[in-house]
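Q: Provided herewith is a single structure, encoded as structure tokens, for subsequent inquiry.
The values are calculated or read from the model by the stated rules, or taken from the named source; none is laboratory data. In this text, all values refer to a predicted model and were calculated from it rather than measured experimentally. Quick reminder, even Gly has a Cβ in these numbers, built from the backbone with ideal geometry, and neighbours come from all protein chains shown. Areas reflect the complete protein model, heavy atoms only, side chains present, ligands, DNA and RNA absent. Shrake-Rupley method; radii C 1.70, N 1.55, O 1.52, S 1.80 Å.
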Amino acid sequence: MSEFDINQIRRLDGGLLLVFRELLRTRRASTVADRLGLSPSAISHALNRLRDLFDDPLFIRRPHGFEPTRRAEELGPQVEALIELTGRTLTRDAGFDPLRAHRLFRFAAPEFVTALIGAELINRLKTAAPEVTFGVSFAGEEDAFRALRKGEIDFAIGRFGAARPGFIVEALFEDHYCVAARRDHPQLRGEISEPQWQGIGHIYAWSAAEVGGDVGEAHLRIKHLASVPQWLTALAMAASTDGLVTCPRRLAERHAERLGLQVLNMPFPPQGISVSVMRRTGATDAGVDWFLGQVRAAVEA
């Protein structure tokens, strides 16, 4: 290691890394000060030290807060990894004991996924981790990305595009669309034709946070009865009317018996749904790993 490298390391401390990470997440010095229990002047002093250390402005003050430079964005994943490694080094036991843990896991997911796994997760945690709870927020890709960046959630579930710098995207499950109708529907007995699918009338569920809001161009040809923001609302309405719901098959099958629904194949090749998990790169956490295992099990239950 060169003298230059040694001198650089001597000027760096964990507090500077924490200030950097929180500024990158929140973009506001006052929020960073509150989170870290520091004064505004201490944050300003730390930022000046960071700028000198990395020979870059790092964060530019704007009317809406601090805007990170390209160099700051590039450093983000490396700083996150350093903090995670430091935490693991200083923690005597980095494992996770679900029976003894008291923890709240936070994640973002569309209502479709929450309705699919929520009850099963609660039942699993009741025996496997009695003092572990979870909180879910509905969020589209951009909102989920911002929440992850700020450290407000542990992971996000949804239909995401390519992984962004500093984040990884892992497959969770595959699904496809089907048709749900009440079991005693006067026109349907276990199958549906395309003219029936187009003409009977649909209760359409859609929101910005959903994994997919349509079945391709085909949805433009159907008769609409109503539009609602949540899948379970649409399914409950279909259970008491002659309306149809074109929805993810796993969701329909999970709730068909309770709601008195029949689940039908689409009258044409259905659009697929790929659901993934997005996490911060380098964010090693045995608890989150364990909880994601419970999520995967709940999907397949």
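Q: It is to be established whether one or more residues within segment 143-160 are over 30 Å from Pro267 (Cα atoms), in contact with a Lys or Arg (Cβ under 8 Å, 6 or more places away or on another chain) and β-branched (Val, Ile, Thr).
A: Yes, segment 143-160 has at least one match.
Q: Can you find even one residue in segment 262-269 that is under 28 Å from Phe145 (Cα atoms) and not in a loop (DSSP other than H, G, I, E, B)?
A: Looking for residues that are under 28 Å from Phe145 (Cα atoms) and not in a loop (DSSP other than H, G, I, E, B), one finds none in segment 262-269, hence no.
Q: When you check Glu174 against the structure, is it assigned to a strand (DSSP E or B), over 22 Å from Ala72 (Cβ atoms) and among the charged types (D, E, K, R), yes or no?
A: So Glu174 passes the test.
Q: What strands (runs of 3 or more DSSP E) completely inside segment 55-132 contain at least 3 residues that are open to solvent by less than 90 Å² (accessible area, probe 1.4 Å)?
A: 65-68, 103-108
Q: If you don't mind, another one. Which ones in segment 158-168 are open to solvent by less than 50 Å² (accessible area, probe 1.4 Å) and touching a Gly at 6+ places or on another chain (Cβ under 9 Å)?
A: Once the filter is applied, which keeps residues that are open to solvent by less than 50 Å² (accessible area, probe 1.4 Å) and touching a Gly at 6+ places or on another chain (Cβ under 9 Å), segment 158-168 yields Gly158, Gly166.
Q: Sticking with this structure for a sec: Determine, yes or no, whether Arg35 is in a helix (DSSP H, G or I) and open to solvent by 60 Å² or more (accessible area, probe 1.4 Å).
A: yes
Q: Would you pick out the residues in segment 244-270 that are small (Gly, Ala, Ser) and either more than 11 Å from Val179 (Cα to Cα) or surrounded by fewer than 19 Cβ atoms within 10 Å (Cβ to Cβ) (or both)?
A: Passing the criteria: Ala256, Gly260.
Q: Show the residue pairs that are 6+ apart or on different chains and have beta-carbon atoms under 8 Å apart, the first residue being within segment 239-255 and in contact (Cβ under 8 Å) with a residue 24 or more places away in the chain, the second being among the basic types (Lys, Arg).
A: Ala239/Arg182; Ser240/Arg182; Thr241/Arg182; Asp242/Arg182
Q: From the list Thr26, Thr89, exactly one residue is modelled with pLDDT under 90 and either aromatic (Phe, Trp, Tyr) or farther than 30 Å from Asp143 by Cβ (or both). Which is it?
A: Exactly one residue qualifies, and that residue is Thr89.
Q: Tell me, which residue of segment 138-149 that is open to solvent by 50 Å² or more (accessible area, probe 1.4 Å) and either part of a helix (DSSP H, G or I) or free of Cβ contacts under 8 Å to residues at least 60 places away in the same chain (or both) is farthest from Leu251 (Cα to Cα)?
A: Per the stated criteria, the residue is Arg146.
Q: Answer with yes or no whether Thr127 is at pLDDT 90 or above, of a type in the set (Ser, Thr, Tyr) and closer than 29 Å to Gly14 by Cβ.
A: no
Q: Considering every residue within segment 195-212, establish whether at least one is open to solvent by 60 Å² or more (accessible area, probe 1.4 Å), at pLDDT below 90 and in a loop (DSSP other than H, G, I, E, B).
A: The answer is yes; a qualifying residue exists.
Q: Given the structure, is Glu191 open to solvent by 60 Å² or more (accessible area, probe 1.4 Å) and not in a strand (DSSP E or B)?
A: Judged against the criteria, Glu191 is a match.
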